[in-house]
Amino acid sequence: MISQIKRSLISTFRNLPGKGVNKKVVVIECDDWGGIGVPSVEAYQSLKKAGLPMDSSRYSRFDTLESADDLQALFDVLAQHKDSRGKAAMISPFYNTANPDYEKIKANGFSTYETEPLLTSIKQRAKGDVLSLWNQGITAGVWMPEYHGREHIATAMWLRALRSGEEKTRTAFEHGFASYSPAGTPKLALNFRPNFYIEDNADLNQLRLDMEDGIALFVAAFGFYPTVFNAPNGVFIDGFDEYLVKNQIHYNAVPRQRFDRDVNGQYRLKTFRTSDKTPHGMTLYVRNCNFEPTEKSYAGLGHALSQIQGAFICGKAAVIGTHRVNFVGGMDEKNRAKGLNELNQLLAAITKKWPDVVFMSAKEFTNLLS
């Protein structure tokens, strides 16, 4: 009881700054959809046998391209829980809109990065009719996609490592896996996961073009522009919001602190609060809760509810950050079962504790920030 009170007080203190909404709004934002991740159980086993640390992270152990079964199971859980308006709980999935085209990259000697668009990855690699499930989820009001950058890969760094011939990086590549980085990789760029991490300002323009290309791929996949952006791994480029705004994205979901690359090429922590605006007209809002039931450090439902309560006490929306890895079972169905069971319990606890709660998509929530 004492620890729960302490957590609520901490959450309340953190939620004091920024604009309130004066209603009990819950927004669930889930990152990493569309990325291949670990391509198969067989690839995982082969890479583990080759000495790669595949069990060191839940992403290299469980994260893989979503299937129709994954989406249907997730939608079934969301549909069970209704808010004060009678609307089902919903998730705003943040998509990466391209994957590496491994064959083309190998053919050009790792000299240039080549993309496999999201639609191609889903049509050729995903199990089941994922495209139909997307549409069903959107129509049912439980699924509203947003933008998470083109890749979840620091592509320029990754290509340099591949060109260097580093053995395990090449081995990972041969098995269609990008998230292994050799010793000496900066901690901030571990496993090449932050798309907006670069080592040289010469890579800035290409990164901007890639980001804008990713938005076009989003539109090709879903038929509409995203409203909200979130940078992979909490790493971004100072000033790049200008190009997001030019491409109709006017809102940025951010952690309280994010590493932004400045004009001197240094990644420095910046602190944000909900309703901050950039010089280019981007409105920012903070993800003030987290829910990671398959993470080893997961502290249970009480911790998540304490964070939500802290937000509500301050008149803020509870913007919950989570990840696809919690809800996919392609590598191990027990992983999906665990994540969905915890989500089911969380949503039940929310509607019981706060019967006046309102579930919103990220897109709908942004209307409250205008």
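The values are calculated or read from the model by the stated rules, or taken from the named source; none is laboratory data. In this text, all values refer to a predicted model and were calculated from it rather than measured experimentally. Cβ atoms come from the backbone with ideal geometry, glycine included; neighbour counts cover every protein chain shown. In case anyone asks, the SASA skips ligands and DNA or RNA and just uses the protein heavy atoms, side chains included. Shrake-Rupley method; radii C 1.70, N 1.55, O 1.52, S 1.80 Å.
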Problem set entry | Matching residues, the range 217-232, being out of contact with any helix residue (DSSP H, G or I) (no Cβ under 8 Å at 6 or more places or on another chain) and surrounded by 17 or more Cβ atoms within 10 Å (Cβ to Cβ) | Asn230, Ala231, Pro232
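Is it the case that Ala349 is crowded, with 23+ Cβ neighbours inside 10 Å, hydrophobic (A, V, I, L, M, F, W, C) and under 27 Å from Ser84 (Cα atoms)? Break it down into steps so the answer makes sense when it comes.
Working: crowded, with 23+ Cβ neighbours inside 10 Å: no; hydrophobic (A, V, I, L, M, F, W, C): yes; under 27 Å from Ser84 (Cα atoms): yes.
Taking the combined requirement at face value, the residue does not satisfy it.
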Problem set entry | Candidates Lys106, Lys87, Lys127, Lys82, filtered to the one that is under 22 Å from the mean Cα position of the chain (by Cα) and either at pLDDT below 95 or open to solvent by 40 Å² or more (accessible area, probe 1.4 Å) (or both) | Lys127
Exercise. How many residues, within the range 235-253, are out of contact with any helix residue (DSSP H, G or I) (no Cβ under 8 Å at 6 or more places or on another chain) and buried (at least 19 other Cβ atoms within 10 Å of the Cβ)?
Worked result: 2
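Against the condition outside any helix (DSSP H, G or I), of a type in the set (Val, Ile, Thr), buried (at least 16 other Cβ atoms within 10 Å of the Cβ) and modelled with pLDDT of 95 or more, how does Val26 come out, does it pass?
Details: outside any helix (DSSP H, G or I): yes; of a type in the set (Val, Ile, Thr): yes; buried (at least 16 other Cβ atoms within 10 Å of the Cβ): yes; modelled with pLDDT of 95 or more: yes.
In short, yes.
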Exercise. In this structure, is Gly310 in a helix (DSSP H, G or I), surrounded by 22 or more Cβ atoms within 10 Å (Cβ to Cβ), touching a residue at least 40 places away in the same chain (Cβ under 8 Å) and over 19 Å from the mean Cα position of the chain (by Cα)?
Worked result: yes
Exercise. Do we have any residue at all in the range 179-186 that's modelled with pLDDT of 95 or more and either assigned to a helix (DSSP H, G or I) or on the phi > 0 side of the Ramachandran plot (or both)?
Worked result: no
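Among the residues of the range 185-216, write down those that are among the hydrophobic types (A, V, I, L, M, F, W, C) and more than 19 Å from Asn264 (Cα to Cα). Give the derivation first.
Residues of the range 185-216 among the hydrophobic types (A, V, I, L, M, F, W, C): 188-190, 192, 196, 198, 202, 204, 207, 209, 211, 215-216.
Listed by number, the residues that qualify are Leu190, Phe192, Leu209, Met211, Ile215, Ala216.
Lys296: of a type in the set (D, E, K, R), over 30 Å from Ile249 (Cα atoms) and out of contact with any Lys or Arg (no Cβ under 7 Å at 6 or more places or on another chain), yes or no? Please lay out each step first, then the result.
Numbers: of a type in the set (D, E, K, R): yes; over 30 Å from Ile249 (Cα atoms): yes; out of contact with any Lys or Arg (no Cβ under 7 Å at 6 or more places or on another chain): yes.
Yes: the conditions hold for Lys296.
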Exercise. Can you name every residue in the range 340-370 that is within 16 Å of Val26 (Cβ to Cβ) and outside any helix (DSSP H, G or I)?
Worked result: Trp354, Pro355, Asp356, Val357, Val358, Phe359, Met360, Ser361
Exercise. Which condition does Ala221 not pass, out of (1) small (Gly, Ala, Ser); (2) in contact with a Phe, Trp or Tyr (Cβ under 9 Å, 6 or more places away or on another chain); (3) free of Cβ contacts under 8 Å to residues at least 24 places away in the same chain, if it passes all the others?
Worked result: (3)
For this session: Restricting attention to the range 130-156, report how many residues are open to solvent by less than 20 Å² (accessible area, probe 1.4 Å) and in a helix (DSSP H, G or I).
Result: 5
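Here's the yes/no breakdown for (1) farther than 28 Å from Val41 by Cα; (2) among the β-branched types (Val, Ile, Thr):
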| residue | (1), (2) |
| --- | --- |
| Glu167 | no, no |
| Arg170 | no, no |
| Ala178 | no, no |
| Thr185 | no, yes |
| Leu190 | no, no |
| Glu199 | yes, no |
| Asp203 | yes, no |
| Pro232 | no, no |
| Ile249 | yes, yes |
For this session: Spot the failing condition for Ala337; the list is (1) surrounded by fewer than 18 Cβ atoms within 10 Å (Cβ to Cβ); (2) outside any helix (DSSP H, G or I), and only one is missed.
Result: (2)
For this session: Output the residues belonging to the range 273-288 that are open to solvent by less than 50 Å² (accessible area, probe 1.4 Å) and under 21 Å from Lys246 (Cβ atoms).
Result: Asp276, Thr278, Gly281, Met282, Thr283, Leu284, Tyr285
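Evaluate the following for Leu159: is it assigned to a helix (DSSP H, G or I), touching a strand residue (DSSP E or B) at 6+ places or on another chain (Cβ under 7 Å) and open to solvent by 10 Å² or more (accessible area, probe 1.4 Å)? Full working, then the answer.
Details: assigned to a helix (DSSP H, G or I): yes; touching a strand residue (DSSP E or B) at 6+ places or on another chain (Cβ under 7 Å): no; open to solvent by 10 Å² or more (accessible area, probe 1.4 Å): yes.
For Leu159, the condition - assigned to a helix (DSSP H, G or I), touching a strand residue (DSSP E or B) at 6+ places or on another chain (Cβ under 7 Å) and open to solvent by 10 Å² or more (accessible area, probe 1.4 Å) - is not met.
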For this session: Could you check how many residues of the range 84-112 are more than 14 Å from Gly35 (Cβ to Cβ), in contact (Cβ under 8 Å) with a residue 60 or more places away in the chain and not in a helix (DSSP H, G or I)?
Result: 8
For this session: Filter the range 261-271 for residues that are buried (at least 19 other Cβ atoms within 10 Å of the Cβ) and not basic (Lys, Arg) and give the result.
Result: Tyr267
For this session: Select from the range 314-330 the residues that are open to solvent by 20 Å² or more (accessible area, probe 1.4 Å), modelled with pLDDT of 95 or more and in a loop (DSSP other than H, G, I, E, B) and list them in ascending order.
Result: Gly330
Exercise. Does at least one position in the range 197-208 carry a residue that is closer than 16 Å to Asp32 by Cα, in contact (Cβ under 8 Å) with a residue 60 or more places away in the chain and in contact with a Phe, Trp or Tyr (Cβ under 9 Å, 6 or more places away or on another chain)?
Worked result: no
